[in-house]
1. Please specify each residue of segment 63-108 satisfying the condition of being within 16 Å of the ligand (Cβ to nearest atom), part of a loop (DSSP other than H, G, I, E, B) and open to solvent by 40 Å² or more (accessible area, probe 1.4 Å).
2. Can you tell me how many residues within segment 119-174 are hydrophobic (A, V, I, L, M, F, W, C), more than 15 Å from the ligand (Cβ to nearest atom) and more than 17 Å from Ile100 (Cα to Cα)?
3. From (1) outside any loop (DSSP other than H, G, I, E, B); (2) of a type outside the set (Phe, Trp, Tyr); (3) farther than 17 Å from Asp129 by Cβ, pick out the condition that doesn't hold for Ser180.
4. Would you say Gly303 is modelled with pLDDT under 95 and under 21 Å from Ala109 (Cα atoms)?
5. Which pairs do you get when a residue that is touching a residue at least 24 places away in the same chain (Cβ under 8 Å), found in segment 44-70, comes within reach of a residue that is open to solvent by 60 Å² or more (accessible area, probe 1.4 Å) and part of a helix (DSSP H, G or I), reach meaning Cβ atoms under 6 angstrom, with the pair 6+ apart or on two chains?
6. Pull out all pairs, ordered by first then second residue, where Cβ-Cβ is under 9 Å, the residues are six or more apart or on different chains, the first lies in segment 300-324 and is part of a loop (DSSP other than H, G, I, E, B), and the second is surrounded by fewer than 16 Cβ atoms within 10 Å (Cβ to Cβ).
7. Just give me the residues in segment 241-260 being out of contact with any Asp or Glu (no Cβ under 9 Å at 6 or more places or on another chain) and open to solvent by 80 Å² or more (accessible area, probe 1.4 Å), in sequence order.
Amino acid sequence: MKIGILTGGGDCPGLNAVIRAAVRKGSFHYDDKFVGFLEGWRGLVEDKSMSLDLESVAGILPRGGTILRTSRTNPAKKPDGLDRCIQTLKKHNIDALIAIGGDDTLSVATKLYDRGLKVVGVPKTIDNDLAGTDFTFGFDTAVNVVTEAIDRVHTTAEAHNRVMVVEVMGREVGWIAIYSGIAGGADVILIPEQPFDVEKVAAKIRMRHARGRYFSIVVVAEGARFAAGKDGPVVQSGEKDEFGHARLGGIANTLAQELERRTGFETRTVVLGHIQRGGSPTAFDRVLATRYGLGAIDMVHNGEFGKMAALRGNKLISIPLAEATATNRRVDQEMMDAAFGILEDVEKEAVAS
Ligand code: F6P
């Protein structure tokens, strides 16, 4: 078969590992030929492509980014955008398309499938928020980067008696914040799923200081919200991308100012931003991404179109794309209990002291 591959949305460590696995298994086991469409859906709208073969995927397993490059192009927002995607695939005689992306990219894949395109999805996002799969690749790498950063911030916070607010990615969900917060031993973890009362955060920090812990680490997801006084998340600019997402960022500064004002303790910020998305994938992500690439090529040959490779309890399965893109997978109660179970209970301590 002749198979197209594209990577869309924010980049993510492990994209190259998926491409490599799909091309290798396709070439060795099925005698497939490949075309790489460049810069996400833009490659199909504007007919930008490169040839993909064993030579072009050699050595890319540990490399971050994506050899196909990426963009947040939404064909559904362009005149005839979806039709142009289909025309480009016809022009290249593509039998099936593998779309590697998060909910935005895969929502376009779903629309094209509804128009008859033979498409298979692979779940990618550091945010880990795609429904129907236990883990997306890239998430583990991001968590490891953040955990290392928190460890480093810990020693300097302790040395200076400071409160450090670490801002991490996570637009709609707090998976990165909660995993890295637990792994890094944060004192406060704030996630989009649970708007927070800033006075309770300040009270907790005051309490720690009162009992001789003169520093605190606060991990906050960029999409976390104040329970009162502010509408929605803190944004860097009102500008929205083609999928309608505002550019988030800046909550750490707003929060740090509030905490310093309420506690009197010196409070500094670290915004990790794209450091979380760059660089080489962890071993876990390399293996997961490889499994997804292998799964996707098998799905193409089994005729499992309109579906996405997914991980359930360490088994690779396929689920309908429509299911994966219907909702965001939010941090569940068990993880919240795990995080908040090891954190101190502000009200209880307030009574006790
Ligand atoms: O969707 C992944 C993600 O990293 C989000 O956590 C973040 O809000 C967004 O992408 C940032 O995207 P960009 O790099 O396009 O600004």
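The values are calculated or read from the model by the stated rules, or taken from the named source; none is laboratory data. Treat the numbers as computed from the prediction; the structure is a model and nothing was measured. No Cβ is skipped: glycine too gets one built from the backbone with ideal geometry, and neighbour counts run over all protein chains shown. For accessibility, only protein heavy atoms count, side chains too; no ligands or nucleic acids. Shrake-Rupley method; radii C 1.70, N 1.55, O 1.52, S 1.80 Å.
1. Arg69, Thr70, Arg72
2. Residues meeting the conditions: 8.
3. Just one mismatch for Ser180, condition (3).
4. no
5. Val45/Arg84
6. Pairs found: Gly306/Asp114; Gly313/Asp134; Asn314/Asp134.
7. The answer is Gln257, and nothing else.
One line per residue, one yes/no per condition, for (1) assigned to a loop (DSSP other than H, G, I, E, B); (2) within 16 Å of the chain's Cα centre (by Cα):
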| position | (1), (2) |
| --- | --- |
| Glu239 | no, no |
| Arg247 | no, yes |
| Asn253 | no, no |
| Leu259 | no, no |
| His274 | no, yes |
| Gly279 | yes, yes |
| Leu288 | no, yes |
| Asp298 | no, no |
